[in-house]
Each structure stands twice: as structure tokens, then as C-alpha cells.
Amino acid sequence: MEASPQYPANYPRPPIVEAIVQFGFGQRVTRKRLEDGLRTPLRRSYPGPHKSQHHVEVNARVEPESVSASATRRLKVTFLGSANGLRLVGLADNVLSIHALAPYPGWDNLIANACDVVKATVAALGPVPLASIALRYIDRIALPGNPAELARYLRLQLGGGEELGAIADFSMQFRRVTAPNRDVTTLVVAATPPGADGMPAIAIDLVAATSQFQPCGLGDTDSWLPIASRLHHLQRSTFESIITDEMRGLFE
């Protein structure tokens, strides 16, 4: 992504805990088929232990007087890990995901890893139609000040137009926006327990996704790569739109 006049292309200390590129398939591809097909060709790049876990999907419901959330146990995912554990490939029914853990290596590195995994997948499974593409970025940001005043760091308003106050009075905010081209951003901002430094912190979970594009196959990189780049620009611009210059200073 090109640098914007409002913010740098990259931060020296990005707050990203995990970044994910996810592909949804347009035909049934089981987790076992993905495992059987990719275990050997990806062994050199992802020789770490393989782990399986259930993902939990959290749905937020925002009403004028309250915010509630419900959790549902969803896909079982098998992860193939790199030797240092900082890169993962997620395999689930009809879903392939590529993960980068902190320290964030940058978009160019992440998407290059995704292209390599896609190439191996197509070689192992043959043509697979794409149904959706999504990017997910999870940030954790420690905020100076006790109590930290969120309005110094976030450009968000509570329900009813109230201004943000101290982090001690904040729990969660959820926002979902659908653009005219049907790209969707889902944003969750939540207070998190202090870390070892004792500083209050927030988590920002931001997803940019689309299922509206001309039919193409997983191996048709020339078709889906521009879509992924567009979603990355949407994710980044959305993130920048909700933070202040004082927040940006924390990443320098």
C-alpha cells in the first residue's frame, strides 16, 4: 500500500498481535483433505508442531442501553506452524488461512507467504473456486495514564453521541459498515486486562471482507490479489480513521 499523507506506510512498533489472510472456498474441501494435501509440501516452511483447536465465534448485539455478546463454538482448525511459531497456516472445512504473529512482518511479507501457501494448495488439490476473501487484524495497545482517557487516543463515540471517558468506564464497542461495492468492515474495540507493565490496554479487532467479485479460482492470483490489496487498504484506512495522532505516537 502506498503511503498516505495522513499516516506512514509502516510504523516502527506496530501494535498488531496477529494478522490473517483468509480464503473461503466455493466448493466443499474438508479439513482432512487440506491436511493430507499440504502436510508434505509445506513441511519445509512449516515444520513446527501441528495443533488443532475449535474457533469460537463471538457475536455482539448493540442496543441503545446495552451491549451484549454471545459465543458459539464453530470450525475446528488445524494449524501448521513455522519453526519459530510466528507464521501459521490454518486448515478448516472450506477455509484456508495464513497468519502472522507479532512482531508483524509487514503486508508485503504476509501476502507473499499467502501466495506461497496458495501455490502449494493448488498444486496439491487442483483448481478450487473462491467464494470469499477476508483480512483480520488484531491489535493490543497499552495506554499511558491512570486512568487513561480514551478520547486522547480513539476517535469513537458511544451510543447516543456520548464522548469517550476513562478506560475504566469502557467495555466494548462494535461497528459494522458495508461499502457501496459490498466490502464489509467489522470493528470491535474492547478494554482488556492490564499486562505485566500494569498499564490499561485496549484490543482492536478489525475485519475487512468481501464475497462480491467475479468468479475466480484460488490459483488465479491475478484476480484475487488486487482484491486482497483493496481490502488491506480498507482495513488500514479504517484503523487510521479511529485513532488520534497521540495514539500514533505510541507506535513510533
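Once Rg and the Kirkwood radius are both taken over the C-alpha atoms of region 16-249, their ratio Rg/Rh works out to 0.99.
Starting from the 7 Å offset along Cα-to-Cβ, what nm value, one decimal, do you get for the label separation of Asp93 and Ser171? Output for this residue pair reads 3.3 nm.
The 3J(HN,Hα) values that the Karplus relation (6.51, -1.76, 1.60; θ = phi - 60°) gives for region 8-21 are, in residue order, x, 5, 9, 9, x, 10, x, x, 6, 8, 8, 10, 9, 10 Hz. Gly and Pro appear as x.
Under 5 Å from the amide H of Val29 lie the amide H atoms of Asn94, each residue being 5 or more positions distant or on a separate chain, with H modelled from the backbone and absent for Pro and chain starts.
The 3J(HN,Hα) values that the Karplus relation (6.51, -1.76, 1.60; θ = phi - 60°) gives for region 101-107 are, in residue order, 9, 4, x, 4, x, x, 4 Hz. Gly and Pro appear as x. Using only the C-alpha atoms, the convex hull of region 131-252 corresponds to 128 Å³ per residue.
Here the gap between Gln53 and Gln214, fully extended at 0.36 nm per residue and compared with their Cα-Cα distance, gives a gain of 54.7 nm. Under a 5 Å amide H cut-off, with hydrogens placed 1.01 Å from N, Thr192 pairs with Ala201, Ile202, Ala203 among residues at least 5 apart or on other chains. Within the listed set Ala124, Ala228, Ala209, the Gaussian network model of the chain (springs between alpha-carbon atoms below 10 Å) gives the highest mean-square fluctuation for Ala124. Amide hydrogen proximity for Leu164: with H placed 1.01 Å from N in the peptide plane, the residues at 5 or more positions away or on another chain lying under 5 Å are Leu158. Judged by the mean number of other Cβ atoms found within 10 Å, the most tightly packed of the peptides 14-26, 210-222 leads the ranking 14-26, 210-222. The 3J(HN,Hα) values that the Karplus relation (6.51, -1.76, 1.60; θ = phi - 60°) gives for region 169-180 are, in residue order, 9, 10, 10, 7, 9, 10, 8, 10, 10, 10, 7, x Hz. Gly and Pro appear as x.
Coordinate-derived values only; no laboratory data. Given the structure is predicted, the values throughout are model-derived calculations rather than measurements. Using ideal geometry, Cβ is built from the backbone for each residue, glycine included, and neighbour counts are taken over all protein chains shown.
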